[in-house]
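The structure appears right after this line, and notes come after that.
The values are calculated or read from the model by the stated rules, or taken from the named source; none is laboratory data. Please read all numbers here as calculations on a predicted model, not as lab measurements. Cβ atoms come from the backbone with ideal geometry, glycine included; neighbour counts cover every protein chain shown. For accessibility, only protein heavy atoms count, side chains too; no ligands or nucleic acids. Shrake-Rupley method; radii C 1.70, N 1.55, O 1.52, S 1.80 Å.
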Amino acid sequence: MARLFGTDGVRGVAGRDLTAELAMDLSVAAAHVLGDAGAFAATGRRPVAVVGRDPRASGEFLEAAVVAGLAASGVDVLRLGVLPTPAVAHLTAALGADLGVMLSASHNAAPDNGIKFLARGGFKLSDAVEDEIERRLGESWSFPVGSGVGRVRDAYGEADRYISHVLTTMTAALDGLHVVVDCAHGAAHMVAPEALVRAGARVEAIGARPDGLNINAGHGSTHLDKLQQIVVSRGADLGVAYDGDADRCLAVDHTGTVVDGDQIMAVLAAAMHGDGLLSKDTVVATVMSNLGFKLAMRETGITVIETAVGDRYVLERMKSDGFNLGGEQSGHVIMLDHATTGDGLLTSLHLLGVVAKSGVPLKELASVMTPLPQILINVKDVDKGKASVPELIAAVAEAEAELGETGRVLIRPSGTEPMIRVMVEAASEEHANQVAGRLADVVRTACAS
């Protein structure tokens, strides 16, 4: 059977793939694995969980199912309401909760939803813990009764605790900065504009009227057109955009040019390095980060450590080796001194802080790196298990020799589909296209299913 947990929790079409019954069963299993209700019985204290969600309509019934499963298992529940994933992660730690639950499908459209569990301290779960929750689904549990059942209360006011936290991490006020913020009609629609205003910025908010069905629809970090148009037409200094659960952030400079996650990391890393705040003068990125980022960091005297694709792998390396900045091209940026997960609001505040403190426009700051043309071809309906056949290895070696220091090749099997991804970077888009096309042809013939 396919693994239920994906790269970021359990996701699917709400009501079809992700049902109320599955949500309840998952919360019961998570209560026993993460809450360890039996161990707390000896101390006379029930475990505590915090539960948050984005504004999707399906989040309402899924929240009810999760809360029911947790409380029935003897877990006290604090309902946080609509909040970003990083806010739920922060509050899991700040409130001393034994586990956290976030209901969101991130940048996906409204019909999808998902369940993410967080361990004590607000960190994402390891694969092993997720596997344990999945293994224990459907066990025959002995549920508490009477005074042993969990109690449920609303804790919507805790949003201010999160806003106050992110504001305390800043070293520069944003006075005078004119910022357009796109909240994707998502979880950040209230906290992001308020935090930016309290930080001193002049704020115009778009995508900040969720109706339960419009999350990510034409707005947010995956749809930057409106933000680009409004930043230019209003003469704003820059714009920032979050995704549905606001764990990522992308930006737009005053000319409407997109500043992606690699460029944001480059700006933050250079600033932290200059202030002596970048741990071990190292930043952690994934194999998909642009070669231009790595070359720019080398010029700045910063080491780049690479991990597999996925912010959880970035975080694992950061925690194990004591690094404090890492992230992905998609805008998941982890500032481990201040957060346990990617945090779009925190990232945007610190990016704006660099602009405000330096007095240098974002366009000029982002020029610390020159992104190399990057071509990605998804070769479908092939045997992804053949991604390391000799013919393909030889073709990759030939391409790498041709590209030299100013290019790169990455062949990556899809984790969920019969597909192999071919990524090529080169000094020119024409050259990248040529090399990627040749390699895709090799994949089609050498990896035929």
Proximal lysine pairs in segment 278-409, meaning Cα under 23 Å and 8 or more positions apart or interchain, come to 4
Once neighbouring chains are kept in place and the probe is 1.4 Å, which whole percent of the accessible area of segment 327-449 is contributed by carbon and sulfur? 53 percent
From the backbone phi of segment 298-309, what are the Karplus-calculated ³J(HN,Hα) couplings (6.51 cos²θ - 1.76 cosθ + 1.60, θ = phi - 60°) in whole Hz, Gly and Pro given as x? 4, 5, 8, x, 10, 7, 10, 9, 9, 10, 5, 5
Can you tell which of Ala308, Leu250, Met297 lies farthest toward the positive end of the dipole of segment 229-311, using +1 and -1 charges on the Cβ of basic and acidic side chains (Lys, Arg; Asp, Glu)? Met297
Could you order the peptides 284-293, 340-349, 203-212, 150-159 from most to least packed, using the average number of other C-beta atoms within 10 Å per residue? 340-349, 284-293, 203-212, 150-159
Output ordering of 45-54, 134-143, 315-324, 117-126 (per-residue mean of other Cβ within 10 Å, highest first) is 45-54, 117-126, 315-324, 134-143
From the phi of every residue in segment 220-231, what ³J(HN,Hα) in whole Hz does the Karplus formula 6.51 cos²θ - 1.76 cosθ + 1.60 yield, where θ is phi - 60° and glycine or proline is x? x, 5, 9, 9, 8, 4, 5, 4, 4, 4, 6, 4
For segment 240-298, report the accessible area per residue in Å² (1.4 Å probe, heavy atoms, rounded to an integer). 25 Å²
For Leu18, enumerate residues with amide H under 5 Å from its amide H, sequence gap 5+ or separate chain, H modeled in the peptide plane. Val13
Roughly what angle does helix 58-72 make with the longest principal axis of the chain, taking Cα atoms, 0 to 90 degrees, to the nearest 10? 50 degrees
In order through segment 192-199: 3J(HN,Hα) via Karplus (6.51 cos²θ - 1.76 cosθ + 1.60), integer Hz, x for Gly, Pro: 5, x, 5, 5, 5, 5, 5, 7
Once the dipole of the chain is set up from charges on Cβ (+1 Lys and Arg, -1 Asp and Glu), the residue from the list Ala205, Gly437, Val50 lying farthest towards its positive end is Val50
Top of Ile264, Ile215, Ile420 by mean-square fluctuation, Gaussian network on the chain, Cα under 10 Å: Ile420
Leaving out same-chain residues fewer than 8 places away, which aspartates and glutamates sit with a Cα under 17 Å from that of Lys226? Asp182, Glu204, Asp237, Asp243, Asp253, Asp260
Taking placed amide H atoms and a strict 5 Å upper bound, the residues 5 or more places from Val180 or on another chain that come that close are Glu204, Leu238, Gly239, Val240
One finds, for Ser126 and Val287 with R0 = 22 angstrom and r their Cβ-Cβ distance, a FRET efficiency to the nearest 0.05 of 0.60
GNM, the chain, Cα, under 10 Å: largest mean-square fluctuation among Met297, Met272, Met335? Met272
Under the rule of at least 5 residues apart or a separate chain, name every residue whose amide H is placed under 5 Å from the amide H of Val382. Met419, Ile420
Identify which of His219, His338, His350 has the largest mean-square fluctuation in a Gaussian network model of the chain, with springs joining Cα atoms closer than 10 Å. His338
Probe 1.4 Å, accessible area per residue of segment 311-449, Å²: 44 Å²
Under the rule of -39500 (n - 2.57) per DSSP H run of 4 or more residues, summed and divided by the residues of the chain, what mean residue ellipticity at 222 nm is obtained, to the nearest 500 deg cm²/dmol? -11000 deg cm²/dmol
List the relative contact order of segment 353-420 as a percent without decimals, with contacts defined as Cα pairs under 8 Å and 6+ residues apart. 38 percent
Given that compact globular proteins tend to follow 2.2 N^0.38 Å, what is the ratio of the alpha-carbon Rg of the chain to that value? 1.01
Output the 0 to 90 degree angle, nearest 10, between the alpha-carbon long axis of helix 20-30 and the longest principal axis computed from the alpha carbons of the chain. 90 degrees
For segment 141-204, what does the accessible surface come to per residue with a 1.4 Å probe? Please give it in Å². 47 Å²
Expressed as an acute angle from 0 to 90° and rounded to the nearest 10, what is the orientation of the C-alpha long axis of helix 159-168 relative to the principal long axis of the chain? 40 degrees
